[in-house]
1. If packing is taken as the mean number of other Cβ atoms within 10 Å per residue, what is the order of 130-136, 409-415, 204-210, highest first?
2. Multiplying the sequence separation of residue 340 and residue 444 by 0.36 nm and subtracting their Cα-Cα distance, what value in nm do you get?
3. Report the Stokes-Einstein translational diffusion coefficient (µm² s⁻¹, integer) for the stretch 253-329, Rh taken as the Kirkwood radius over Cα pairs, at 37 °C with viscosity 0.692 mPa s.
4. Please compute one quarter of the surface area of the Cα convex hull for the stretch 50-99 and express it in square nanometres.
5. Tell me, in nm to one decimal, what length is gained between residue 24 and residue 197 on full extension, where the rule is 0.36 nm per residue of separation less the Cα-Cα distance?
6. Based on alpha-carbon atoms only, what is the radius of gyration of the stretch 1-237 relative to the globular estimate 2.2 N^0.38 Å?
7. Compute the acute angle (0 to 90°) between the alpha-carbon long axis of helix 208-234 and the principal axis of greatest extent of the alpha-carbon atoms of the chain; round to the nearest 10°.
8. Relative to the present Cα-Cα distance, how much length would full extension add between residue 430 and residue 302 at 0.36 nm per residue of separation?
């Protein structure tokens, strides 16, 4: 049984996109470009070697650029045409819907990309390092899938935020998907293929091209799985926090492996601390990402508060926001760092390692700043009643707090009050910690007052 016979969403997209005219014109155009390249080259052997580079360029244009643009419009166009709600009411499951949108909306770009991959595959056998060039082909395919999946996921998040109140522009999701794809998977340089350099990852020594393949597989898998989870959420199927926690642990495990490239003379305890710093950075950043990406309306908050009051911990942990999961994990990792930072120095048992002690205080300040920022995000979402406006307002406020005000303070030469707005490493408890603790107290008091006032409003639909 063919795949499009068991996936109605994919079948629909194939019928819509793969017309006879397009099936003929696509290989005709690509073939014409290849033939023109053949006429330019002096002989067939030189042509077959150079066609690999030409195939990559066409593949990037067709699949990466154009395919990502098509992926950004896959669901946005249906939302704007008011057909997405009726499609969600069908019996198509989240996996079939995800794969249907991922492969179906980009089927024409992949059809053209297939001819490029065939030409590139043939040219690989005329290269000095055939295996490495074949690995690059795998990276190209995975990178395109990653880019398409991330783009559709971003569009799903945007749809849930606007709730269909206005028409959406797919351009922003195209840019986000493409930028993040390039940022996470960057093995496009030709020097990567013949580079003799290798990277230490834990106890393994891996060549750059193999590391690129390994990285592409990891991030592509999680991009596809993230698309599936976002589709489940869009179809009103709850996900739970376990998968998000596993994703964070995967990131921690992956990036901690590079600690092996640091000075090999440092102790194992210091290696653990570096690993904890990497872990803290990942969870700290992911908290901000999910705080802006997830829903923060009063219905969810009221539900969670009700479960806490009733001590119904199973549904509470199942519906807990993912930004809270990241935040709790950051706090847990901070306590690990705090414990290790007060270790006894091996040279003098009475000396405490001051560097790690200072850094643990700095990380505590970072957590306090993050709590303040989350309080601002929640307060403005409760105040505005619309998540998109609340998040935009919160972003502007944070931009003012972290950029505009510190710049004015520095320009006016009042640098002593900078720790009020910026977490500075060298500041002590009095100048660095107490001011931000006061801000955390104030913003959460404002959230509490806003919540009390909101609870008094009859038939609140926020």
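Read-outs throughout are calculated quantities, based only on the coordinates presented, and are distinct from any laboratory measurement. Here the structure is a predicted model, which is why all the values come from computation and not from measurement. All Cβ positions, glycine included, derive from the backbone under ideal geometry; neighbour counts span all protein chains shown.
1. Numbers: 130-136: 17.6, 409-415: 10.6, 204-210: 16.0.
Output ranking for 130-136, 409-415, 204-210: 130-136, 204-210, 409-415.
2. Working: separation 104, 0.36 × 104 = 37.44 nm, distance 3.06 nm.
So the chain would gain 34.4 nm between residue 340 and residue 444.
3. Rounded, D is 222 µm²/s.
4. The orientation-averaged projected area of the Cα hull of the stretch 50-99 comes to 4.4 nm².
5. 57.8 nm
6. My calculation over the Cα atoms of the stretch 1-237 gives 1.11.
7. It is inclined by approximately 70 degrees.
8. Full extension of this stretch gives 42.5 nm more.
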